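Novice: Provided herewith is a single structure, encoded as structure tokens, for subsequent inquiry.
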Amino acid sequence: MTTPHLMTLDALDTGALDALLRRIAELDAAAKDGRLPASLAGRTVANLFYEPSTRTRASFELAARRLGAEVLNLDIDRSSALKGESLLDTIRTLHAMRIEFFIVRHGGHGLLASTAAALAGARLALISAGEGRDGHPTQALIDLATLRERFGGLDGLDIAIVGDLSHSRVAHSVIPPLCALGARVRVAGPRALMPEADAFPQASRHDDLASALDGARAVMALRVQRERIEEAGAPSDADYFADWGLTEERLARHAPEAVVLHPGPFNRGVEIDSEVADGPRSLILRQVALGVPVRMAVLERAAGALGDG
Ligand code: CP
């Protein structure tokens, strides 16, 4: 039986990933043609964001509404979380009001999995909107969908993922399925922002930007996550840009055909130059646009696993 929860993409084999990516493309086309199904009519989705978000929160809300669901955006900063109520008790409380879908962004480690275990048997779905360093599965689906749309498939695609890999939940979520679908992934970043050597066994590691970029068809820049960095030796913004910033000159020299992705939000003049972010190589706004059908497909999958409301 398919679990209604989505906390990582680990449980999805290549067949399930492929089916999800095809459904994302169908929903994107249906939205453009004005023929979206009301597949969530009569259902209610709660957005529980314990950390800031623009793209993920907005696109889950739009996805749910456009498929006919009702949406509750709980204002966490004015909620009983400030009186000490746990995520588990907040979900139990809202589930008593017949909310079935819980979209959760949280800084904790493993909190969604332990919450799901405590709620075993309850007819509800927990969907990660980014959790600690653990992962951000729907952002990974956006990245896969964007690359699949651009290249028709991922088999044999050389992709460089550059930046703060140590703190990136996107990197943890996207590298395994990229490799499972046949992409060849290189990772690179400043030494202080790279995880242990065995962190991404499927990827090749590079010590400098030029060798990571060399001949890549796609480059994904990752945000320097100042709010999470505790390690000594992290470069200043200026030093980061000097050594690792994506500029048109560097791309033209080392990866002239590459498209550029970034999960956002991005720091102009730190991990990416405006000329690249706003230029013809950039797929950043396409990633944002695909966020809505991605979240539609994920909500539909959860609804299918829960059965009729
Ligand atoms: N990519 C991403 O998760 O962006 P937000 O923090 O704006 O949701």
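Novice: Which residue, of Glu51, Glu61, is buried (at least 19 other Cβ atoms within 10 Å of the Cβ) and within 16 Å of the ligand (Cβ to nearest atom)?
Specialist: When all the criteria are applied, what remains is Glu61.
Novice: Kindly list the number of the only condition in (1) closer than 24 Å to Asp158 by Cβ; (2) within 16 Å of the ligand (Cβ to nearest atom) that fails for Gln225.
Specialist: The failed condition is (1).
Novice: With respect to Gly42, determine if the residue is at pLDDT 95 or above, more than 16 Å from the ligand (Cβ to nearest atom) and not in a helix (DSSP H, G or I).
Specialist: Numbers: at pLDDT 95 or above: yes; more than 16 Å from the ligand (Cβ to nearest atom): yes; not in a helix (DSSP H, G or I): yes.
Yes: the conditions hold for Gly42.
Novice: How about the stretch 67-96: which of its residues are part of a loop (DSSP other than H, G, I, E, B) and either of a type in the set (Lys, Arg) or without any contact (Cβ under 8 Å) to a residue 40 or more places away in the chain (or both)?
Specialist: Initial filter on the stretch 67-96 (part of a loop (DSSP other than H, G, I, E, B)): 67-69, 75, 79, 84-86, 96.
Of everything in the stretch 67-96, those that are part of a loop (DSSP other than H, G, I, E, B) and either of a type in the set (Lys, Arg) or without any contact (Cβ under 8 Å) to a residue 40 or more places away in the chain (or both) turn out to be Gly68, Asp75, Ser79, Gly84, Glu85, Ser86, Ala96.
Novice: Here's a follow-up. Report every pair of residues separated by at least 6 positions or lying on different chains whose Cβ atoms are under 7 Å apart, first residue within the stretch 111-126 and within 22 Å of Glu300 (Cβ to Cβ), second surrounded by 13 or more Cβ atoms within 10 Å (Cβ to Cβ) and of a type in the set (S, T, N, Q).
Specialist: Every condition considered, the pairs that remain are Leu112/Ser128; Leu126/Thr115.
Novice: Follow-up. Please work out if Ser173 is closer than 18 Å to Asp134 by Cα and at pLDDT below 95. Before the answer, list the steps.
Specialist: On the way: closer than 18 Å to Asp134 by Cα: yes; at pLDDT below 95: no.
When the stated conditions are applied, Ser173 does not pass them.
Novice: Taking the conditions exactly as written (within 16 Å of the ligand (Cβ to nearest atom), among the hydrophobic types (A, V, I, L, M, F, W, C) and either surrounded by fewer than 17 Cβ atoms within 10 Å (Cβ to Cβ) or assigned to a strand (DSSP E or B) (or both)), does Ala30 satisfy them or not?
Specialist: no
Novice: Something else: Of all residues in the stretch 231-258, which are modelled with pLDDT of 95 or more, part of a helix (DSSP H, G or I) and crowded, with 18+ Cβ neighbours inside 10 Å?
Specialist: Phe241, Trp244, Leu251, His254
Novice: So, in the stretch 54-73, how many residues would count as being more than 13 Å from Gly42 (Cβ to Cβ) and over 21 Å from the mean Cα position of the chain (by Cα)?
Specialist: 1
Each row is one residue, and each column tells you yes or no for (1) in contact (Cβ under 8 Å) with a residue 24 or more places away in the chain; (2) within 16 Å of the ligand (Cβ to nearest atom); (3) of a type in the set (D, E, K, R); (4) on the phi > 0 side of the Ramachandran plot.
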{"site": "Gly233", "(1), (2), (3), (4)": "yes, no, no, yes"}
{"site": "Asp239", "(1), (2), (3), (4)": "no, no, yes, no"}
{"site": "Gly269", "(1), (2), (3), (4)": "yes, no, no, yes"}
{"site": "Asp273", "(1), (2), (3), (4)": "yes, no, yes, no"}
{"site": "Pro280", "(1), (2), (3), (4)": "no, no, no, no"}
{"site": "Gln287", "(1), (2), (3), (4)": "yes, yes, no, no"}
{"site": "Leu290", "(1), (2), (3), (4)": "yes, yes, no, no"}
{"site": "Ala303", "(1), (2), (3), (4)": "yes, no, no, no"}
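Novice: Could I ask something else about it? Say we look at the stretch 135-169 and pick out the residues that are more than 18 Å from Gln287 (Cβ to Cβ) and in contact with a strand residue (DSSP E or B) (Cβ under 8 Å, 6 or more places away or on another chain); which of these is surrounded by the fewest Cβ atoms within 10 Å (Cβ to Cβ)?
Specialist: Gly156
Novice: While we're on this one: What's the number of the only condition in (1) over 27 Å from Ala255 (Cβ atoms); (2) buried (at least 18 other Cβ atoms within 10 Å of the Cβ) that Arg92 fails to meet?
Specialist: For Arg92, the exception is condition (2).
Novice: Would you mind finding the one in Asp33, Asp28 that is touching a residue at least 40 places away in the same chain (Cβ under 8 Å) and closer than 24 Å to Glu149 by Cα?
Specialist: The match here is Asp28.
Novice: Can you confirm whether the stretch 47-54 contains a residue that is touching a residue at least 60 places away in the same chain (Cβ under 8 Å) and among the hydroxyl-bearing types (Ser, Thr, Tyr)?
Specialist: Yes: the stretch 47-54 contains one or more residues that are touching a residue at least 60 places away in the same chain (Cβ under 8 Å) and among the hydroxyl-bearing types (Ser, Thr, Tyr).
Novice: Take Leu67 and tell me if it is under 23 Å from Ser39 (Cβ atoms) and at pLDDT 95 or above.
Specialist: In short, yes.
Novice: Inside the stretch 259-286, can you point out the residues that are within 20 Å of Asp164 (Cβ to Cβ), among the small types (Gly, Ala, Ser) and in a loop (DSSP other than H, G, I, E, B)?
Specialist: Selection gives Gly264, Gly269.
Novice: Do you know which residues across the stretch 200-230 are surrounded by fewer than 12 Cβ atoms within 10 Å (Cβ to Cβ) and either assigned to a helix (DSSP H, G or I) or of a type in the set (Lys, Arg) (or both)?
Specialist: Listed by number, the list holds a single entry, Glu227.
Novice: On to the next question. Mind counting the residues in the stretch 157-178 that are within 12 Å of the ligand (Cβ to nearest atom) and either hydroxyl-bearing (Ser, Thr, Tyr) or without any contact (Cβ under 8 Å) to a residue 12 or more places away in the chain (or both)?
Specialist: 2
The values are calculated or read from the model by the stated rules, or taken from the named source; none is laboratory data. Predicted model, so just to flag it, every value in this text is computed and none were measured. Cβ coordinates were reconstructed from backbone atoms using ideal geometry, including for glycine residues, and neighbour counts include every protein chain displayed.
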